[in-house]
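Working notes, beginning with the structure itself.
Here, each number is a calculation from the coordinates, and none is a lab measurement. In this text, all values refer to a predicted model and were calculated from it rather than measured experimentally.
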Amino acid sequence: MVDMLALGRRILASQPFSVLLGAELLSLSSGETEIRIPIGPQLAQQHGFVHGGVLSSAADNALAFAGGSVLGPAVVTSEFKINYLRPANGDFLVARARVIHHGKRQAVCLCDVLASDDGAEALCATAQGTIVRLSTTA
């Protein structure tokens, strides 16, 4: 049996952009995942909040890992939509995603992105996406 969390961590570590952000896969089980990104000044936009692209990346990755947990590791994001709800500040971003429906080739997933500050969490963004299995033939 494959250790899903260990495999997920190897996959995340193979993504240079995720490594640059300091992303860490905290949990991965069938249909659910949690990713954490430390917040530092290098991730800020001009008003001092975490840049929306960082929240978007966290959501995209979490959606893909949740979908991949039911479809297999060879997946990509087909599409996703994100709603920014409030500025993100704090110690960490936490992206929690779950599968709401899946078939053999695609999964529809939801993700909440929260800012964590001394353990208190604030919802900053929410996203929905479709994750698809890569075809083995061109």
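So what is the relative contact order of segment 4-133, in percent, for Cα pairs below 8 Å that sit 6 or more residues apart? Walk me through the numbers before you get to the answer.
Working: 313 pairs, mean separation 31.9, N = 130.
RCO, segment 4-133: 25 percent.
Using a Gaussian network model on the chain with a 10 Å cutoff between Cα atoms, which of Ser78, Ser57, Ser14 fluctuates the most?
Maximum among the listed residues: Ser14.
Report ³J(HN,Hα) in whole Hz for each residue of segment 59-74, in order, from the Karplus equation J = 6.51 cos²θ - 1.76 cosθ + 1.60 where θ = phi - 60°; Gly and Pro get x.
For segment 59-74, the Karplus-derived couplings read 5, 4, 5, 5, 4, 5, 5, 4, x, x, 5, 10, 9, x, x, 8 Hz, x marking Gly and Pro.
Pick from Asp91, Asp118, Asp60 the residue whose mean-square fluctuation is largest in a GNM of the chain, springs joining Cα atoms under 10 Å.
Asp118
How large is the helix-only mean residue ellipticity at 222 nm for the chain, computed as the sum of -39500 (n - 2.57) over DSSP H runs with n ≥ 4, divided by its residue count, in deg cm²/dmol to the nearest 500? Before the final figure, lay out the partial values.
Values: 3 runs with 36 residues, N = 138.
Here the helix-only value at 222 nm equals -8000 deg cm²/dmol.
Across the Cα atoms of the chain, what radius of gyration and what greatest pairwise Cα-Cα distance (Dmax) are found, in Å?
Taking only Cα atoms of the chain, I get Rg and Dmax of 14.5, 48 Å.
Would you mind calculating the gained length between Asp118 and Leu134 on full extension (0.36 nm times residue separation, minus the Cα-Cα distance), in nm to one decimal? Present the calculation step by step, with values, prior to reporting the outcome.
Working: separation 16, 0.36 × 16 = 5.76 nm, distance 3.94 nm.
Answer, rounded to one decimal: 1.8 nm.
Amide H of Ser27 versus every other amide H placed in the peptide plane: which residues, excluding those fewer than 5 positions away on the same chain, fall under 5 Å?
Glu34
Check which residues have an amide H placed less than 5 Å from Leu85's amide H, if you skip close sequence neighbours.
Ala125, Thr126
What list of ³J(HN,Hα) values in whole Hz, one per residue of segment 26-35 in order, does the Karplus curve 6.51 cos²θ - 1.76 cosθ + 1.60 (θ = phi - 60°) give from phi, with Gly and Pro shown as x?
Working through the residues one at a time gives 7, 8, 7, 9, 4, x, 9, 7, 9, 10 Hz.
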